[in-house]
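Structure, as structure tokens:
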Amino acid sequence: MSINNSSYNQLIVKLDQFIRKYYINKLIKGSLITIAIVLAIFLSFTLLEYFFYFSTGVRKFLFYSFLGATIGGFGLWVIDPLTKYFNLGKTISHEDAALIIGDHFTDVKDKLLNILQLKKQETTEQNMALIEASIAQKTNAIKLVPFKSAIDLNTNRRYLRYAVPPFLILTFILLRRQASSRTVLKD
């Protein structure tokens, strides 16, 4: 019985590690998207103001809409996954994690979900020994499957194409501005 519980507990630990990596993935993706959106909005609003020299009311609107977009994006795509990473709030359940893992490892899909469902039935059913044996058998069958590898953090590189161009444009503008101000000071 203790061997069965320890293998089940190891399975739960692996699921918890997967869930934490799932939220790290969401955090990285959200950070890149937030950076891209904030820098793009900043550049757009700055260039619009530079060329059109808006009135105070329009500037105020641009400022508060920029501030709202920044806070909203940061809260939605960065703070939310960060709080869930630290288990502060409602996170995905073990069953949801099992479905995600099952989509990646097709041979594990039904076994993992079945183990979690059997464990829930263990407290209510009369045939506890049979259920424990079934849990142990299924847990040993999927023990060596690395759940964390179902999430590839390198897939977030594709979001760099959204964050890097605004960053490079902003850097170019700042360096050009600094170079022109040095030239004016030398003259």
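The values are calculated or read from the model by the stated rules, or taken from the named source; none is laboratory data. Just so you know, these numbers come straight off a predicted model, no measurement behind them. When we count neighbours, we look across all protein chains shown, and the Cβ atoms used for this are built from the backbone with ideal geometry, even at glycine. For the accessible areas, the whole protein counts, side chains as well, though only heavy atoms, and no ligand, DNA or RNA atoms are used. Shrake-Rupley method; radii C 1.70, N 1.55, O 1.52, S 1.80 Å.
I'm checking my understanding of the structure. Among residues of the stretch 66-79 that are of a type outside the set (A, V, I, L, M, F, W, C) and touching a residue at least 12 places away in the same chain (Cβ under 8 Å), which one is least open to solvent (accessible area, probe 1.4 Å)? So, considering only residues that are of a type outside the set (A, V, I, L, M, F, W, C) and touching a residue at least 12 places away in the same chain (Cβ under 8 Å), the one least open to solvent (accessible area, probe 1.4 Å) is 73.
Number of residues in the stretch 133-187 that are of a type in the set (A, V, I, L, M) and modelled with pLDDT of 85 or more equals 13.
Scanning the stretch 83-104 finds one or more residues that are modelled with pLDDT of 95 or more and touching a Gly at 6+ places or on another chain (Cβ under 9 Å).
All conditions in (1) modelled with pLDDT under 95; (2) surrounded by fewer than 13 Cβ atoms within 10 Å (Cβ to Cβ) hold for residue 60, with the sole exception of (1).
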